[in-house]
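Q: Attaching a single structure in structure tokens format; questions to follow.
Values quoted throughout were computed directly from the atomic coordinates according to the rules given, and no laboratory measurement underlies them. Everything numeric here is computed off the predicted structure, so don't read it as measured data. Cβ sites come from the backbone with ideal geometry, for glycine too, and all protein chains shown count toward neighbours.
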Amino acid sequence: MAAIRIDGKAFAARLREQVGERAAQFSDATGRKAGLAVVLVGEDPASQVYVRSKGKATVAANMASFEHRLSADTSQQELEALVDQLNADPAVDGILVQLPLPDHLDEQAVVDRINPAKDVDGLTPVSTGRLALGLNGLVPCTPLGSLMLLKDQLGDLSGLDAVVIGRSILVGKPMAQLLLDANATVTIAHSRTRDLAEVVKRADIVVAAVGRAEMVKAEWLKEGATVIDVGINRLPPEPGADKGRLVGDVAYDEASEVAGAITPVPGGVGPMTIAVLLRNTLVAAYQNEGLDMPELTL
Ligand code: NDP
């Protein structure tokens, strides 16, 4: 039987709508809009597209968007001065520095400088530490969005075997922490894992965050597994086309014959990332005002 296609796009639209409603309530209560500042250094085309769509989504969710575009030769000092300025600005609730930064800049030092109360990307040592300790805090958007899709699909994750492929700070590690918090039994696999196919075969939940086109095959999967495909990879263009197709880290068509449910690429995890960024900005805004945020009911 073909797997259920997990519609991240529809879920993300519902999340954005709820965040937008709560954001309107926030500005009624406080007399100001929740604000997200996005910092882009350089002219990387993919980053420019992300920053533009984040700005549009922020405004559509009744929040204020502040875009800071700096030239590729910006110094570490200038960038850190901007972060300091945003940390001190009461109109800014969330700060996102679009990564990767140009090579001459020290990414970790810039991220470390962000006030943890405004760390909507969840990448500062404070946010990362709070997640490891199981304390409330701002959590990276892509793994949190993936967890929301999993809970929507499966309900309680207690006792389920989960395999996360990838151990990056941005996706793999926080994903594993979130699954552990949800009482799954978690294995983290990576490039040195022996017999990956065998490891994946045990899993009720597979989260692939590798960056290798269609690496996870149908025969690796347990019958009925729930598969979250975080990967975004562009295939080489077909003859006559100027761009190749976008695919995930999972061979979607064949995996759909074995999995119980699976996210497509595009239209799965991708749309959740921006929706959760808006959610995190609103959470930060309520916290920064010392107010309780009305529950989201997704
Ligand atoms: P990274 O490159 O930082 O991490 C990739 C991870 O995959 C590493 O831990 C690496 O292992 C592991 N890996 C590489 N090759 C293999 C292999 N052959 N077998 C097993 N594991 C392997 O990537 P990110 O975590 O930042 O991103 C992963 C993917 O998710 C990318 O395609 C990215 O574009 C996508 N992405 C999508 C987002 C969205 O919104 N949907 C947001 C963020 C990322 P090791 O540590 O040993 O090197």
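Q: Applying the selection to the stretch 215-231, what residues are buried (at least 17 other Cβ atoms within 10 Å of the Cβ) and of a type in the set (G, A, S)?
A: If the condition is that a residue be buried (at least 17 other Cβ atoms within 10 Å of the Cβ) and of a type in the set (G, A, S), then A225, G231 are the ones that fit.
Q: Then there's this: If a residue counts only when it is on the phi < 0 side of the Ramachandran plot and touching a residue at least 40 places away in the same chain (Cβ under 8 Å), which strands (runs of 3 or more DSSP E) contained entirely in the stretch 1-114 have at least 1 such residues?
A: Answer list for the stretch 1-114: 35-41, 94-97.
Q: Report, by residue number, each residue of the stretch 142-158 that is within 16 Å of the ligand (Cβ to nearest atom), more than 23 Å from D112 (Cα to Cα) and in contact (Cβ under 8 Å) with a residue 60 or more places away in the chain.
A: Pass one, the stretch 142-158, residues within 16 Å of the ligand (Cβ to nearest atom): 142-150.
This time we only want the ones that are more than 23 Å from D112 (Cα to Cα), so: 145-150.
Within the stretch 142-158, G145, S146, M148, L149, L150 meet the criteria.
Q: Which ones in the stretch 21-50 are within 30 Å of P100 (Cβ to Cβ) and small (G, A, S)?
A: A23, A34, G35, A37, G42, A46, S47
Q: Do you know which residues across the stretch 144-163 are touching a helix residue (DSSP H, G or I) at 6+ places or on another chain (Cβ under 8 Å) and part of a loop (DSSP other than H, G, I, E, B)?
A: Result: L157, L160.
Q: Is one or more of the residues making up the stretch 124-139 closer than 12 Å to A275 by Cα, more than 12 Å from the ligand (Cβ to nearest atom) and either in a helix (DSSP H, G or I) or touching a residue at least 12 places away in the same chain (Cβ under 8 Å) (or both)?
A: Taking every residue of the stretch 124-139 in turn, none turns out to be closer than 12 Å to A275 by Cα, more than 12 Å from the ligand (Cβ to nearest atom) and either in a helix (DSSP H, G or I) or touching a residue at least 12 places away in the same chain (Cβ under 8 Å) (or both).
Q: Looking at (1) out of contact with any Asp or Glu (no Cβ under 9 Å at 6 or more places or on another chain); (2) within 15 Å of I228 (Cα to Cα), can you tell me which one E198 breaks?
A: Only one criterion is unmet by E198, namely (2).
Q: I'm checking my understanding of the structure. Among residues of the stretch 159-182 that are of a type in the set (A, V, I, L, M, F, W, C) and near the ligand (Cβ under 6 Å from one of its atoms), which one is farthest from the chain's Cα centre (by Cα)?
A: Of everything passing the filter in the stretch 159-182, I165 is farthest from the chain's Cα centre (by Cα).
Q: Same structure, new question: Given (1) surrounded by fewer than 20 Cβ atoms within 10 Å (Cβ to Cβ); (2) out of contact with any Leu (no Cβ under 7 Å at 6 or more places or on another chain); (3) of a type in the set (D, E, K, R), identify the lone condition not met by R234.
A: Going through the list (1) surrounded by fewer than 20 Cβ atoms within 10 Å (Cβ to Cβ); (2) out of contact with any Leu (no Cβ under 7 Å at 6 or more places or on another chain); (3) of a type in the set (D, E, K, R), R234 breaks only (2).
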